[in-house]
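Undergrad: Sharing a structure, written as structure tokens. Questions coming.
The values are calculated or read from the model by the stated rules, or taken from the named source; none is laboratory data. Predicted model, so just to flag it, every value in this text is computed and none were measured. Because the Cβ atoms are built from the backbone with ideal geometry, glycine has one as well, and the counts that use them run over all protein chains shown. In case anyone asks, the SASA skips ligands and DNA or RNA and just uses the protein heavy atoms, side chains included. Shrake-Rupley method; radii C 1.70, N 1.55, O 1.52, S 1.80 Å.
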Amino acid sequence: MSSSDTLSSATGVQQQAPGARELAAAARVFALLADPTRLHLVWLLSRGESDVTALADAVGAARPAVSQHLAKLRLGGLVESRKAGRRVVYSLPDGHMKRMVVEAASHADHQVTGEPWHD
């Protein structure tokens with residue numbers, strides 16, 4: 001199959017096979033999400049926006065460590081931040097990222113529980 005062939009995605013939308021630039025960009029996303037704490041943060045943000053204190057409590061990590069993870073995610077373009085008074089609130093504005101992290105967690109659940117795979 002050549003890169004010019006079209007592929008059918010899970011949603012039935014036709015798209016071109018990714019090129020080298022798209023694959024490199026996707027690999028950078030996966031590299032950022034390879035850390036369990038960052039993946040947990042993105043999963044939490046897929047549920048709605050939150051500030052550093054609430055995120056630190058939810059992942060069971062120190063605020064400075066969570067701030068560092070969020071800074072990496074923000075620099076990588078995966079999360080956004082805005083000021084809300086004295087707090088900084090983080091969000092996951094990309095629907096693709098939201099769906100990807102939910103699907104990754106679902107996939108992991110199947111692996112851990114032994115549930116059969118499905119389409």
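Undergrad: Pick from Ser91, Ser50, Ser106 the residue whose mean-square fluctuation is largest in a GNM of the chain, springs joining Cα atoms under 10 Å.
TA: Ser106
Undergrad: Continuing with this model, one more query. Between Arg74 and Glu103, with labels modelled 7 Å along Cα→Cβ, what's the label distance in nm to one decimal, could you check?
TA: Taking the two extended label points, one gets 2.9 nm.
Undergrad: Another question, then. Using a 1.4 Å probe on the protein heavy atoms only, what accessible surface does Arg87 show? Give it in Å² to the nearest 10.
TA: 120 Å²
Undergrad: Follow-up. Ordering Val52, Val88 by accessible area with a probe of 1.4 Å, largest first, what comes out?
TA: Details: Val52 10, Val88 50 Å².
Final ranking, largest accessible area leading: Val88, Val52.
Undergrad: Let me ask you something else. Taking +1 at the Cβ of each Lys and Arg and -1 at the Cβ of each Asp and Glu, which of Leu70, Ala56, Ala84 sits farthest along the dipole of the range 53-119 towards its positive end, judged by Cα position relative to the Cα centre?
TA: Ala84
Undergrad: Follow-up question, since we're still on this one. To check my understanding: the extent here is largest minus smallest coordinate of the Cα atoms along each principal axis. What are those three numbers for the chain, in Å, largest first?
TA: Projected onto its principal axes, the Cα set of the chain covers 52, 35, 21 Å.
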